[in-house]
Structures are given as C-alpha cells and as structure tokens.
Amino acid sequence: MASLPVGQGPRALLSVTNKSGLEDLARALLVHDYQLIASGGTASFLRELDIPVTGVSDLTGYPEIFAGRVKTLHPVIHGGILGPSRDSFAETKELGIEPIDVVVVNLYRFEDALAKGASEAETVEQIDIGGPTLLRAAAKNFERVTVLCNPSYYPEFCQQLESHNGGSDRIFRRRMAAETFRMIEKYDQAISGWFENLTQTSAGLSLRYGENPHQSASLILPGSKLDSVGIQQHGGKELSYNNLVDLVAAVKLMGDFQEPCCGILKHTNPCGFGLGAGAQGLNRALRCDPVSAFGGIFAFNSEVDLETAGILAKKFLEIIIAPSFSDEALEKLTKKKNVRVLTVDFPAFLASTKGKTRSWGQLVLAQEEDAGFSELEDMKVVAGDSPDPQTMTALEMVWKVCKHGKSNAIVLGDLHATLGLGFGQMSRVDSTELAIMKAANQGLDIQGCVVASDGFFPFPDGIEKLASAGARAIIAPGGSIRDDEVAAAASQLGVTLILTGRRHFNH
C-alpha cells in the first residue's frame, strides 16, 4: 500500500448478498492489515468464520432501521468513500469520517425475484438502494478507491494486493469502475422495465399472420411499439408470429453466453452455434448445418461489422439480431428488402421475457424462467478421467446450447462450435443418431468431440453409439434408475461421463 499520510491503516467496506469467495477475500485483506467494515448480514457471516470485523452500525453510531432498508446511507460511510485524497481527511477527522479504500458490494437479487414470480411487494424489497449508491460513489472516486461489484473479480484483486504492497494499480481501479457502472446500468434497466410493465396499458400489435398464413395473430406489449421491449427494426418485412417465437428463442440462447458468439436457429432450435466475435463466430456456426441455416434466424451478442455483414448478405435468411451494427454493416444489410434487421437491447428484452406462458383459449400455463447453470458448480464425474480445462469449457458450451433445443436434445461440439445437433425426436437414441448423421453429412470430424444431453440416458445404448462415433466426454443430468449401469458402460468404453443433477428440458 502507498504511504498513509493520515497515520492509519487501510479500510475495506464489505456489504454483499452473494457470499461466494468472501472468506478468501477477507483473509487476504487482513494479511495486508486492512480493517474490515461490514453491514449486518455480511458482518454476521464473517464473525461466524472468526474474522474480525467492525459493524457499520458501530461505526456510524446508528442502528439499521426500517428492517434494513437504511444501513449504509450515512456521511461516515459515504464521506469515507468520496474523500478525494487521504490528506483531505484531516478536515473530517473530528467528525469521525476517515478513509475507506476498498468497497466490495453486490446487489439484491432483483432479477431472481422476477424469475421466481415474486409478488409486487416482494419484488420492491429486492430493489437495492444503498448498494448502487455505494458502488457509484466508489467507482466515481476510482483514483483512490478500489471497487469490486462481482465475486469474479476477487482473485485478480488479491493478486493486485500482492503486487502493489496491499493496494491496486490505477488501470485495475479504472477498469473496475467501468464494470461497476455497466452492471448498475443493467440493474436499473431491469427495474425500469418491470415498472413499465406494471404501469403501461397492454396493447395489441397486429402481426403479418400466425403460425400459418390463414391464421391472424397479435403481439401483446407493455407499450404500443416494439421498442417498449428493447427492439428496433431496420427495414424488412413486418414480423410474423413465427418470427417472434424464433426471436425470443434466439435472444435467450445468446443471453446464456458472456463471450462473443453467434447462434443460428430454425423453428426455435439451434442449427449451428460458434464462439467468437463477428465473422469468426458466424463461420463456426455455419459449418455445423448450413442446409438448415437456409431461411434461418442469425443472432449475435456483439456488434455486427462490415465483414460479417458481407457474409450475411450472401445468405437467404429471415432475421438478423444483434445488440448493434456498424454504420457500414447496417447500410449493407438493409439493402436486402425482405430481411428483418433487428437491434435488440439484450438486458431490456430478456427482462421483458422472463418466465414462460402458453395459452389455449381460457387455459393458461405459466412457469418461471429456467435461469442459470448453478449445476455446473456441483457436477460429478461418474466415469472416466476428470476433464481438463479446455474440455470443461467445451462441455459447458454444449450444455448451454443443449438447453435451447427441443427435447430430446443431443449436442456434439468441440472447443469452439457445435458439430452435430439432434433435437425433438421421440427417443434419445433417435436424437443421438440424428446428431451423428448431421455431423457426417457436413464431413465434420467428431473424433474426440464432447456431447451434451438434456435428459438422462435410460440405457447404455446412447452412450455406446456416441463412444463408437468418437465422443470422449459427455455431460447429462442423470436421474435414471440405470445411472450406475450407464456409468459402468461409459467407464468400460473409456468415455468421461459427468452428471449434473439438474436438467433443462425445452418442450
């Protein structure tokens, strides 16, 4: 840590909903002589681990009030964060306001409340006020304060502590400030979208037609236009019922990946998926099943540039989806008069489409969103060798893609893209054979591929077919009474089998 002119050690404020990695972070801070300050739940968690901590209430002299709604909103806290330099605190020492050098905060789980279908009152309680205020203050004052808004940054920060004598460099602090403001923006968008859904009168938007041209159809929106759910259409024909069903499926697939990627869908099923930005992801997605991609939906989770647009312009397709397009790419693509080019605000659209409903006249089914992949943290290797990091990356990719295909679903892939896809068959063996056949039709080498299945293998036959085709690692939920028999077959065949304990059916 740099010299401390005011004659005191550094201090860190901890106030987190997600306790992942918190113990290791707190102990790393203590090694570098930090005093830890924490709000109620976080302080209790640390004390149970025998980690010394000062409660926010002890520091401010005020208890938490209104059932915890107000706890960190106090000049002693915010003054400690916003003071421009350590020397400047000489004027506030008599007020009890001293520097806070590190702020570790993550927010209430607002989107989880939406996904679970929480009541309006319960959802309001998940709107964090103190957390965003602390984060914004710390991010603004990045010249002196390090802000951490996500546990994923803790390990890198601990390395910073080691490398910078208990502190962090300016580049890291500035990058953390940018990540913080970006996260708060997404959080606020989810909240504003929820309020708009509550307050705006639902309106019906006429569509070109329904599933078939002889059927009329309409779209119910929180506002009167598509932009109320984050969609902007740049030319092309009007959207039909089927287009919108595919659009939802495509954005949800993209929403499950943080890394740049491209997905191609046909009748809501992925028919190709590739990791990589722009043309790289597109070309990887196309090699899997270019025949099915004809007339498909092409989705990207990063900006489409001119090179990518040049490839797309030569294809017959229905819709192109991306969060943004370069000016040159948009000009080129909008020349295709029938193609619907859509800019989609992913956070806003995903927030508007959380959960799932189906209706037949007066009969309506509703369910919460199938969100997240927590099972990947607790999965078990039940046969073969534990996967190396690259194999695990490939398995996670095919597992996420598999979630978005119709059951029964089988996905073959490598480190970068899907290789063979089998969806919507009446038996898992049929889907397995279809995926293998699709890869063979394109001349793709699947020796050493990885495989995902959205349901358990009821018999060893599916494993045997995959092993014979060249699969080396398979991920599936498990849950069959014959899991042990299936695992034994995988072991005998030299195939790694991972069971997650959680399935992702898509009917």
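Which percent, to the nearest 5, of DSSP beta bridges fully inside the chain are antiparallel? About 55 percent, rounded to the nearest 5. For region 45-91 and region 315-331, what is the centre-to-centre distance using only Cα atoms, to the nearest Å? So the two Cα centres are separated by 49 Å. Of all chymotrypsin sites (Phe, Trp or Tyr not before Pro) in region 24-85, which ones are in loop regions per DSSP and have a Cβ with at most 14 other Cβ atoms within 10 Å? Here the chymotrypsin sites (Phe, Trp or Tyr not before Pro) that fit, given the DSSP loop and packing criteria, are Phe66. For Ser480, neighbours were defined as the other residues whose beta-carbon sits under 14 Å from its Cβ, and their charges (Lys and Arg +1, Asp and Glu -1) total -2. Is region 235-343 best put as rounded, prolate or oblate by its Cα gyration tensor, with a ≥ b ≥ c the root eigenvalues, rounded for a/c under 1.5, and otherwise prolate when a/b is larger than b/c, oblate when not? The shape class here is rounded. Taking the alpha-carbon centroid of each part, what is the distance from region 218-252 to region 94-161 in angstrom? Cα centres, region 218-252 to region 94-161: 34 Å.
Roughly what % antiparallel, to the nearest 5, for the DSSP beta bridges in region 229-362? Of the beta bridges lying entirely in region 229-362, close to 60 percent run antiparallel. Between Arg47 and Ser88, the contour length at 0.36 nm per residue exceeds the Cα-Cα span by 11.6 nm. On full extension, the segment bounded by Phe294 and Val245 gains 15.9 nm, given 0.36 nm per residue less the C-alpha separation. The alpha carbon gyration tensor of the chain gives principal lengths a ≥ b ≥ c with a/c of 1.5 or higher and a/b greater than b/c, which makes the shape prolate.
Put in line by how crowded their Cβ is, counting other Cβ atoms within 10 Å and starting with the fewest, His416, His214, His164 read His214, His164, His416. Label separation (Trp360 vs Lys140): 5.6 nm, computed from points 7 Å beyond Cα along the C-beta direction.
Between His214 and Phe181, the FRET efficiency from the beta-carbon distance, with R0 = 56 Å, is close to 0.65. A Förster radius of 60 Å combined with the Cβ-Cβ distance from His164 to Gln447 puts the calculated FRET efficiency at roughly 0.80. FRET efficiency for the Ile311 to Ala488 pair, using the beta carbon distance and R₀ = 51 Å, is estimated at 0.65.
Of all DSSP beta bridges confined to region 374-499, the antiparallel ones make up roughly 60%.
Among the listed pairs Lys356/Lys380; Lys314/Lys337; Lys336/Lys406; Lys266/Lys332; Lys116/Lys403; Lys186/Lys335, those whose Cα-Cα separation exceeds 21 Å are Lys356/Lys380; Lys336/Lys406; Lys266/Lys332; Lys186/Lys335.
FYI, it's all coordinate maths here, none of it is from the lab. As the structure is a computational prediction, the values presented were derived from the model and not from experiment. Here Cβ is always computed from backbone atoms with ideal geometry, including for glycine, and neighbour counts include all displayed protein chains.
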